[in-house]
Amino acid sequence: MKEDGLKGVFIHSLALKPSDCGSPVIDLNNNLVGINIARYSRVGSLAVSDSTVLQFLKSAIIKEKR
């Protein structure tokens with residue numbers, strides 16, 4: 001995996017089908033490390049990191065409670 005210029009987004013080497021967007025990215029220890037968001041190239045894809053997703057969800061929950 002490689003960090004891209006976008007904060008919280010990384011590139012990985014799995015070629016996605018359109019139906020794979022939104023699917024989890026799991027590491028070799030079966031930990032969630034991100035969510036697939038787009039195909040980047042013929043042999044690469046973009047994913048949002050798990051910490052970025054968690055930060056977004058926490059922020060959305062706080063705003064909803066107001």
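Quick check: anything in region 28-42 in contact with a strand residue (DSSP E or B) (Cβ under 8 Å, 6 or more places away or on another chain), in a loop (DSSP other than H, G, I, E, B) and of a type outside the set (D, E, K, R)?
The answer is yes; a qualifying residue exists.
With the checklist (1) modelled with pLDDT of 90 or more; (2) of a type in the set (Gly, Ala, Ser); (3) surrounded by fewer than 16 Cβ atoms within 10 Å (Cβ to Cβ); (4) in contact with a strand residue (DSSP E or B) (Cβ under 7 Å, 6 or more places away or on another chain) in hand, flag the one item Ser19 doesn't pass.
Condition (4) is where Ser19 drops out.
Can you pull out every residue in region 1-27 that is of a type outside the set (Ser, Thr, Tyr), over 10 Å from the mean Cα position of the chain (by Cα) and outside any strand (DSSP E or B)?
Hits for region 1-27 are Met1, Asp4, Gly5, Leu6, Lys7, Leu14, Ala15, Leu16, Lys17, Pro18, Asp20, Asp27.
Of the residues that sit in region 43-66 and are out of contact with any strand residue (DSSP E or B) (no Cβ under 9 Å at 6 or more places or on another chain) and in a loop (DSSP other than H, G, I, E, B), which one is modelled with the lowest pLDDT?
Restricting to residues being out of contact with any strand residue (DSSP E or B) (no Cβ under 9 Å at 6 or more places or on another chain) and in a loop (DSSP other than H, G, I, E, B), the top hit is Arg66.
Can you pull out every residue in region 38-66 that is surrounded by 15 or more Cβ atoms within 10 Å (Cβ to Cβ) and either small (Gly, Ala, Ser) or touching a Cys at 6+ places or on another chain (Cβ under 6 Å) (or both)? Explain how you work it out, then say what you get.
Restricting attention to region 38-66, the residues satisfying the condition of being surrounded by 15 or more Cβ atoms within 10 Å (Cβ to Cβ) are 39-40, 44-50, 52-53.
Gly44, Ser45, Ala47, Ser49, listed by residue number.
The values are calculated or read from the model by the stated rules, or taken from the named source; none is laboratory data. If you're wondering where the values come from, they're calculated on a predicted model, not measured in any experiment. Cβ sites come from the backbone with ideal geometry, for glycine too, and all protein chains shown count toward neighbours.
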